[in-house]
Amino acid sequence: MSSLYETLDERFRRAFDAISPNADPVLRPSEHADFQVNGALGLAKALGASPREVAARVLDAIDLSDLARVEVAGPGFINVYTLDSALAERLRALLSDERLGVRRRDSRRVVVDYSAPNVAKEMHVGHLRSTVIGDCLARLHRFVGDEVIARNHVGDWGTPFGMLIEHLVDMGEADAVASLSVGDLDSFYRSARQKFDSDEAFRDRSRTRVVALQAGDPETRRLWRILVDQSVNYFSEVYAALGVELTASDVVGESSYNDELASVVADLDAQGLLVESEGALCVFPPGFTGRDGEPQPLIVRKSDEGFGYAATDLAALRDRVSRLGADEIYYVVGAPQSQHFQMIFAVGRLAGWLPDEVHSEHVAFGSVLGPDRKMFKSRTGDTIKLISLLADATERAREELLRRRPDQADTERETLAGDVARAAIKYADLSTDRLRDYVFDLDRMVSAEGDTGPYLQYAHARIRALFRRAGRDGALELAPDLSDSAERALGLALLGFPDAVGSTLAASQPHRLCGYLFELAQRFSSFYEECPILSASENQRESRLVLADLTARTLAVGLDLLGIAAPDQM
Ligand code: ARG
């Protein structure tokens, strides 16, 4: 069944269409009514009628008797008041629908490129954002029936590997492995860099090593593998700690495309798209200019004949379309790489690797800031380890649980503390418009009050507790009574879940789903204040349990789509 919103929207579209082919009515939730339709104003002139007359004609052309009462308002808006009977009947239908009204669509094959940390380098908060947002998008697509292929485009190739391998040789394999396996990636990288900057002989060895690596020298490849494997093991630990659905099998690093790079260049050349510029091979896609207005190149092969980041992304794009058969590709990468991706897509279109019908999108995001509103760094200027952020959040959650429920078993508390910590960190990241920067404020994130992950978890657990007190599992399948305004407001919100999921997915904007869930939880809490449940008469109790049950289930499914657990008891 279509959602309430979709049903109304469709009927209004048809009615407007009957009046004018240029109509573009907009139906949106409203403070003055349940929904308001806007669209008559724009047609008035062309139709030579007043906006109110146009609105009246629309109402003549529409039959909503089963769904809503409508009236013309103000200068030609249409106010829509949904009938309680229609709301109640739809709510009853949701009770037996584990998808809570969200339909499956025709499955699309969707590649989500996310996380993508770099080998022998710590994952920083930017990778946190990519990981958390990407995981949420992957879950949403899967939920609506898409086939999701996750791609962890790990940075595992390039000139730094010369110095990293030489440093590994200097340290001795066993010690290097020991250091990397405890996740000491940054100090490993820093030591290599230091030697590279200060020691001429080391620099020379590193350069020779890069050449050997590129030439496929077996011993060099073996040493490189050690670095890659150790790092990927470490990343996998971070993903598990974060409760993210990425595994080692999703890692298809930059190096995986090595064998394709020459053919990428040859293909571009054959199509006459390559231009030599200062020794480098470039494509100049139209419409891209540098700061001083001159055409901007995408460098496909550098002047030293090495391939870079762009060549790899072109090869990956070609692979994702031609071999994986992607219908949609999402790149969850920070906003500074925006120009890079726009150029990759433009060149992909020029070369015919990215056909018009394949949707390709850079899902960009802003920075994580420290309390001083500068880039989030430790006091010594180092990257802050993701895993230690999670440890800090877990510690806070543990303290809070100890205070609230000192009698709880330790194992139970540990599990919950982890769930709360992940909720805190992920929700804080997902709940602002991804393009905006946000301040990493642990106190606020772990708080059980306000627009936070733990608040939503508590809201869900409280409803579950209510059912435990009622000695029940769920509600009877009946149409709830909506005569109280708080009941009605909650019911209306519950019916909006499919639209919240749809709009989140359409814009790749998880904060929309967060906003929906937060508002739902708030409406539940007003309802709960105004409408006693367990102490009410039997009819009223059953009716209100329907609303409570649907709220808890919507919160649980919604949180799961965000990658957040919804414990039954907290
Ligand atoms: N490894 C890169 C970084 O840390 C991100 C890669 C993003 N994905 C891609 N296909 N380029 O900035």
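The values are calculated or read from the model by the stated rules, or taken from the named source; none is laboratory data. Treat the numbers as computed from the prediction; the structure is a model and nothing was measured. When we count neighbours, we look across all protein chains shown, and the Cβ atoms used for this are built from the backbone with ideal geometry, even at glycine. Just so you know, the surface numbers come from the protein's heavy atoms only, side chains and all, with ligands and any DNA or RNA stripped out. Shrake-Rupley method; radii C 1.70, N 1.55, O 1.52, S 1.80 Å.
Got a number for carbon plus sulfur as a percent of the chain's accessible area, 1.4 Å probe? On the chain, the fraction of accessible area on carbon and sulfur atoms equals 48 percent. Estimated from the Cβ-Cβ distance and a Förster radius of 30 angstrom, the FRET efficiency linking Thr415 and Arg222 is about 0.15. Summing Lys and Arg as +1 and Asp and Glu as -1 over all other residues whose Cβ lies under 12 Å from the Cβ of Val169 gives a net charge of -1. The simple Förster model, with R0 at 35 Å and r as the Cβ-Cβ distance, assigns Leu324 and Ser303 a FRET efficiency of 0.60.
The local environment of Ser303, defined by Cβ-Cβ distances under 12 Å, has a net charge of -2 under the rule Lys, Arg +1 and Asp, Glu -1.
The range 244-280 and the range 467-520 have Cα centres spaced 46 Å apart.
The range 105-190 has equivalent-ellipsoid semi-axes of 35, 12, 10 Å, by the square roots of 5 times the alpha carbon gyration tensor eigenvalues, sorted largest first. Let me check against my output: what whole-number percent is the relative contact order of the range 231-315, with C-alpha pairs under 8 Å and at least 6 apart? Here the relative contact order equals 23 percent.
Computed over the range 429-570, relative contact order equals 37 percent, with contacts defined as Cα pairs under 8 Å that lie 6+ residues apart. The angle separating the long axis of helix 200-215 from the principal Cα axis of greatest extent in the chain is about 70 degrees. The chymotrypsin sites (Phe, Trp or Tyr not before Pro) of the range 349-400 include none that meets both criteria, a DSSP state outside H, G, I, E and B (loop) and at most 14 other C-beta atoms within 10 angstrom of the site's C-beta. Between Asp175 and Glu147, the simple spin-label model (points 7 angstrom out along Cα→Cβ) gives 5.0 nm.
Within a straight-line Cα-Cα reach of under 26 Å, Lys302 can be paired with the following lysines, leaving aside sequence neighbours fewer than 8 residues apart in one chain: Lys121, Lys195.
Translational diffusion coefficient of the range 204-299 (Stokes-Einstein, Kirkwood radius from Cα pairs, 10 °C, 1.306 mPa s): 93 µm²/s. To the nearest 10, the accessible area of Tyr81 is 50 Å² with a 1.4 Å probe.
When Rg and the Kirkwood radius Rh are both evaluated on Cα atoms of the range 1-123, their ratio Rg/Rh stands at 1.19. Its Kirkwood hydrodynamic radius, worked out from the mean inverse distance over all distinct Cα pairs, puts the range 140-290 at 18.2 Å. Of interest is the spacing of the C-alpha centroids, which for the range 100-130 and the range 340-354 amounts to 21 Å. Legend: residues Glu219, Glu122, sorted from most to least accessible area (1.4 Å probe; ligands, DNA and RNA excluded), read Glu219, Glu122.
Express the C-alpha Rg of the range 468-567 as a ratio against the empirical globular expectation 2.2 N^0.38 Å, rounded to two decimals.
1.11
What angle, in degrees between 0 and 90 and rounded to the nearest 10, separates the Cα long axis of helix 84-95 from the longest principal axis of the Cα atoms of the chain? With rounding to tens, the tilt is 40 degrees. Once all protein chains are placed together, Phe77 keeps about 50 Å² accessible to a 1.4 angstrom probe.
Explain nothing, just the number: relative contact order of the chain, from Cα pairs under 8 Å at least 6 residues apart, as a whole percent.
Dividing the mean separation by the residue count of the chain yields 15 percent.
Length gained on full extension, Arg469 to Phe288, computed as 0.36 nm times the residue gap minus the Cα-Cα distance: 58.8 nm. Altogether, the Stokes-Einstein calculation at 4 °C and 1.567 mPa s, with the Kirkwood radius of the chain over Cα pairs as Rh, returns a diffusion coefficient of 48 µm²/s. Extension gain for Ile387 to Ala262 (0.36 nm times residue separation, less C-alpha to C-alpha distance): 41.2 nm. Here the sum of -39500 (n - 2.57) over DSSP H runs of 4 or more residues, divided by the residues of the chain, equals -18000 deg cm²/dmol at 222 nm, to the nearest 500. Once you divide the Cα radius of gyration of the range 402-463 by 2.2 N^0.38 Å, the number left is 1.22. Which values of log₁₀ I(q)/I(0), to two decimal places, follow from the Debye formula for the range 292-372 at q = 0.17 Å⁻¹ with a uniform point scatterer at every Cα? Log10 I(q)/I(0), no solvent term: -0.75.
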